[in-house]
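First comes the structure, then the notes that go with it.
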Amino acid sequence: MGAPTDRRASSSTANRDMAGRLLAPLTDLVARAGLAILAVDRKTMAVSGKSDGSPLTDADLASDRIIADGLAVIAPDIPVVSEERNVPGLSPSDTFFLVDPLDGTKEFIAGRNEFTVNLALVANGTPILGLIGAPALGLIWRGVLGKGAERLSSANAGSTSAIHTRRFPASGRPWVAAVSRSHGDASTEAFINVRGGAVRQALGSAVKFARVAEGLADIYPRLSPTREWDIAAGCALVTAAGGKVTAPNGADLRFGQADKNFIVPAFIAWGDPSAAR
């Protein structure tokens, strides 16, 4: 009776131990991808449109090449799913990397600094390691489930600070809701509106997850479709920092849904997991 549970627990521990060992080389890889993005001249770069209408730039491709080449060396046996490339026949039970080489391409094109490199390790449908690099801000946030989360500053070499989500506000302090600058929708606005006195913090890319993870925002809701590679690293980061990311009904999200084209219909990142419902 207890054997399957024991095996799952052993597998989960092994996966998290593996994630811990990979964290340092993956951090270096995300930093290098960020430098490649910064090296692209936004005024002269090529910009094209993908089939879903989203933009694709030289910076997206440069970051994707560096990450793909790096992962082939760091962990050659682990499949990679990227916004720019796919793995046929992926199963939700597989262990794989999930990558967005440039999240916030619209922010990047517009000349703003809130764009990120997102890299996650997913095991059995759950992101267990997450890295979000914001090269123009000089920051990397990273976390491993069960091992905590931290923020690194490239401006101050070697500066690492542990981060943690915060409890939801008691009376007297408004909620802070991280919201998308580029992808607003009526359902998300209605969700925020029922929480009286909520303060909206408009941000680009996966920086919204980072603000929840470091306790600067209470919640990040997005009640419109997105893709797994946009949110996997953020899910791991927020969870490692003490929060939780769920579907709007409170159910856990499952990653690796290749048969659904990696679409996530909606999600809510909660800084205080006791508020998820």
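Here, each number is a calculation from the coordinates, and none is a lab measurement. The shown structure was predicted, so the numbers you read here are calculated from the model rather than taken from an experiment. Positions of Cβ are backbone-derived with ideal geometry, glycine not excepted, and every protein chain shown enters the neighbour counts.
Show me the three semi-axes of the equivalent ellipsoid for the range 3-163, from the C-alpha gyration tensor (sqrt of 5 times each eigenvalue), largest first, rounded to whole Å.
For the range 3-163, the ellipsoid semi-axes come out as 29, 20, 12 Å.
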Computed helical MRE - 222 nm, the chain, DSSP H runs ≥ 4 contributing -39500 (n - 2.57), nearest 500: -10000 deg cm²/dmol
When the chain is modelled as a GNM with alpha-carbon springs shorter than 10 Å, which of Pro135, Pro265, Pro127 fluctuates the most? Pro265
Among Lys106/Lys260; Lys208/Lys260; Lys106/Lys208; Lys50/Lys208, the pairs whose Cα-Cα distance exceeds 20 Å are Lys106/Lys260; Lys208/Lys260; Lys50/Lys208
Return a whole-number percent for the relative contact order of the chain, with Cα pairs under 8 Å and 6 or more residues apart as the contact set. 17 percent
Net charge of Cβ neighbours under 12 Å - reference Gly146; Lys, Arg +1; Asp, Glu -1: +1
Arranged from highest to lowest average of other beta-carbon atoms within 10 Å per residue, in what order do the peptides 218-231, 73-86 appear? 218-231, 73-86
Given the Cα-Cα distance of Ser161 and Arg173 and 0.36 nm per residue of separation, how much length would full extension add, in nm? 1.8 nm
Classify the chain from the C-alpha gyration tensor, please: rounded if a/c falls under 1.5, else prolate or oblate depending on whether a/b exceeds b/c. rounded
Treating only Lys and Arg (+1) and Asp and Glu (-1) as charged, each at its beta carbon, one finds that the range 176-275 has a dipole about its Cα centre, in Debye to the nearest 20, of 120 debye
Placing +1 on each Lys and Arg Cβ and -1 on each Asp and Glu Cβ in the chain, then taking the dipole about the Cα centre, the residue among Pro169, Val122, Ala202 whose Cα reaches farthest towards the positive end is Pro169
